[in-house]
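The structure under discussion appears below in the form of structure tokens.
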């Protein structure tokens, strides 16, 4: 089936796929070819695409998914490929949000901090699951090339 993943800024993915696993509002959805048509709201989470032996992963933050028998269209509010997520930047965003939540703040600032915290945690989870872990070398220890 054909899959299109689109955000307001760009088209992230277009191609023939075997399965789409998406974070629906009521739980994880598995979409195979010839699935019954549906339109659903996407939750924040990891969207996984399998194409033969390859697997692609995206962090999505809301949007909609339309499923037709031979096509799936994901209209995401925000989405990122796992390999493009900047782990250091996501860690910094997590720390900032956690610090803000420790202080007294107006409700709208707390809500924005909670949203930023959720986004950063999803980005970190998706990026870390999809990348091999490489510990930082200790001083004097050479780093292996891979």
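Tabulated data
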read-out: Inter-residue pairs, beta-carbon under 8 Å, first under 15 Å from residue 21 (Cβ atoms) and in the stretch 31-42, second exposed (fewer than 14 other Cβ atoms within 10 Å of the Cβ), 6+ apart; value: 33/69; 33/70; 35/69; 40/25; 40/64; 42/25; 42/64
read-out: Options 125, 110: the member that is in contact with a strand residue (DSSP E or B) (Cβ under 8 Å, 6 or more places away or on another chain), part of a helix (DSSP H, G or I), closer than 19 Å to residue 61 by Cα and not assigned by TED's automatic domain parsing to the domain that holds residue 45; value: 125
read-out: Exclusive hit being surrounded by fewer than 13 Cβ atoms within 10 Å (Cβ to Cβ) and at pLDDT 95 or above, set 54, 16, 108; value: 16
read-out: Failed criterion for residue 124 (all others in (1) exposed (fewer than 15 other Cβ atoms within 10 Å of the Cβ); (2) within 22 Å of residue 42 (Cα to Cα); (3) modelled with pLDDT of 85 or more; (4) touching a helix residue (DSSP H, G or I) at 6+ places or on another chain (Cβ under 8 Å) hold); value: (1)
read-out: Filter result for residue 44 (within 15 Å of the chain's Cα centre (by Cα) and not in a strand (DSSP E or B)); value: no
read-out: Residue check, residue 44 touching a helix residue (DSSP H, G or I) at 6+ places or on another chain (Cβ under 6 Å), at pLDDT below 95, within 22 Å of residue 120 (Cα to Cα) and not assigned by TED's automatic domain parsing to the domain that holds residue 122; value: yes
read-out: Some residue of the stretch 90-109 being within 14 Å of the chain's Cα centre (by Cα) and in contact (Cβ under 8 Å) with a residue 40 or more places away in the chain; value: no
read-out: All positions within the stretch 19-40 that are buried (at least 17 other Cβ atoms within 10 Å of the Cβ) and outside any strand (DSSP E or B); value: 35
read-out: Residues within the stretch 47-59 that are closer than 13 Å to residue 20 by Cα and in contact with a helix residue (DSSP H, G or I) (Cβ under 8 Å, 6 or more places away or on another chain), tallied; value: 3
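The values are calculated or read from the model by the stated rules, or taken from the named source; none is laboratory data. None of the values given here were measured: they were computed from a predicted structure. In this analysis, Cβ positions are derived from the backbone assuming ideal geometry, glycine residues included, and neighbour counts consider all displayed protein chains.
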